[in-house]
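One structure is given below, encoded as structure tokens.
The values are calculated or read from the model by the stated rules, or taken from the named source; none is laboratory data. No experiment lies behind these values; they were computed from the predicted model shown. Neighbour counts run over all protein chains shown; Cβ positions are idealised from the backbone, glycine included.
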Amino acid sequence: MKAEFATRIARVLKRLRRGESGFTLVECLMVVSITGAIVASLSMGFLTSGKVARESETRLDESGDTRLVTAYFVPDVESASYFSTSAPSSPNTCDPGNNRAVFEWTEAPAVGLAVRKAAYYHMVGTTELRRRYCENSVRVGKDVPIATHLSPDIRPTASCPLDAVCTTKPSAVELTVVEASGYTFNVRSTPRAAMPSGTGGMHGLAAYIGGGGMNLQSNFTQIHAGDGIMVSVQDPSCNNGNGTNITPAGSLYSSVGGGGECGDAKADPPADPLTGFPEMTTAPVNVVTSSTMTALCGASMATWDAGRYTGNRTLEGCLKPGAYWFDGDLVLKNARSVTDERNRGVHLFVRGAVSFEGTTELWPMTSGPQAGVTIFMSRGFSEQISVDKVSPIVHGIIYAPTGSLVVKGGGQGETVLSAGAINVNGVSLESNGKIKLGI
């Protein structure tokens, strides 16, 4: 009995001791510490993942803005014959305002009139840059958002990094964009080399004729502008002789429109596209008094340096590239400009009359503020540019905003002035005189 009772007592005590089993305080503290470390690690991982996701999204947004800006900006710069950081060449209803860059150019189809095109880079609010595209001052399609994550404090800026100041025909254009994240990117492009010459600076006009109007006095005089290139006449007084014409048909703008002596004319001619073209205000320091003999123009001949020429001058021979300043009348006799250098061509700034003798062929400068305009009669000088029984070739633009152009033929022979474009106050064609534009 005693042994059995002792066994039962032992079993009871054992069960009692088993009920008091559990974790010690030290064990509990260790579990809490380990659990805290695990939770902290997981939380840090979640936070890091979220940050990486946000940064990836920001970089994706920045990449998208860069890609879209580049896709549109580069070809617009390459095509442009006019550039401004704010305004189009003339007011029109397609201009959205709040512009950061404006590009204009003209494309002439194989058949029909030229199409004047424009691209406006304008702000919407403070953080979005859009591109508007127009043809003949009419918007085509919807505006395209090309940068939508901009800094609200720093607007996109267009600049001319290769020129001292921005002109309507810069050597290059660069757009600087600052994103909301602070990331900054630059997109730069260069207009095509052909931009300054021909009708480029004229925005598709082969001829712009101001208040002096056109006087086509003789039989069979002709202004031929090439397919799809327009002629603008601000004064409707056209005195036409028999057989005179302006081709192609329908290429003429007139301030009155409706045909008449000015031909098949449209109303509302464009404004002078070269109004903002920079005039030389400071004469070159070097005064040129004589020429030297070189073979720069392909044969040994008198060669003239760019610079200042005082008094009335006659230049015969080869003209080195650069800007020329003439204080008096200028006669170009068998003159030609160097055509085998990268920055070929000349800019002849004349404070007097201009005439031609013999065979002359000139090319414009292809860069710098005077690019594209070959002959520039100073504003305020009402002299003549005379072509009499000779046929000079002037690539680029002849610009005489207050002067006139007179082309005279002789007998049955034709006198043909060939030029990229003309922009003069008045034109007179006499005795089989002709003008061929768009070369």
>> Being out of contact with any helix residue (DSSP H, G or I) (no Cβ under 6 Å at 6 or more places or on another chain) and modelled with pLDDT under 90 is the requirement here; does Ala80 meet it?
In response: yes
> Which of the residues spanning the stretch 309-338 are of a type in the set (Lys, Arg) and buried (at least 17 other Cβ atoms within 10 Å of the Cβ)?
Replying inline: Arg313, Lys320, Arg336
> Can we say Gly426 is over 24 Å from Glu316 (Cα atoms), in a strand (DSSP E or B), in the same structural domain as His347 (by TED's automatic domain parsing) and in contact (Cβ under 8 Å) with a residue 12 or more places away in the chain?
Replying inline: yes
> What residue, of Pro401, Pro369, Pro364, is under 15 Å from Leu274 (Cβ atoms) and crowded, with 24+ Cβ neighbours inside 10 Å?
Replying inline: Pro364
>> Among the residues of the stretch 395-406, are any under 16 Å from Lys333 (Cα atoms), assigned to a strand (DSSP E or B), assigned by TED's automatic domain parsing to the domain that holds Thr275 and modelled with pLDDT of 85 or more?
In response: no
> If you scan the stretch 292-331, which residues turn out to be basic (Lys, Arg) and touching a residue at least 24 places away in the same chain (Cβ under 8 Å)?
Replying inline: Arg308, Lys320
> For the stretch 285-303, how many residues meet the condition of being within 32 Å of the chain's Cα centre (by Cα) and closer than 19 Å to Val354 by Cα?
Replying inline: 0
> Can you name every residue in the stretch 345-388 that is within 19 Å of Gly307 (Cβ to Cβ), modelled with pLDDT of 95 or more and of a type in the set (A, V, I, L, M, F, W, C)?
Replying inline: Leu348, Phe349, Val350, Val354, Ile375, Phe376, Met377
> Can you tell me which of Ala37, Ala53 is surrounded by fewer than 14 Cβ atoms within 10 Å (Cβ to Cβ), over 20 Å from the mean Cα position of the chain (by Cα), at pLDDT below 70 and not hydroxyl-bearing (Ser, Thr, Tyr)?
Replying inline: Ala53
> So how many residues does the stretch 60-98 have that are closer than 23 Å to Glu179 by Cβ, in contact (Cβ under 8 Å) with a residue 60 or more places away in the chain and among the hydroxyl-bearing types (Ser, Thr, Tyr)?
Replying inline: 4
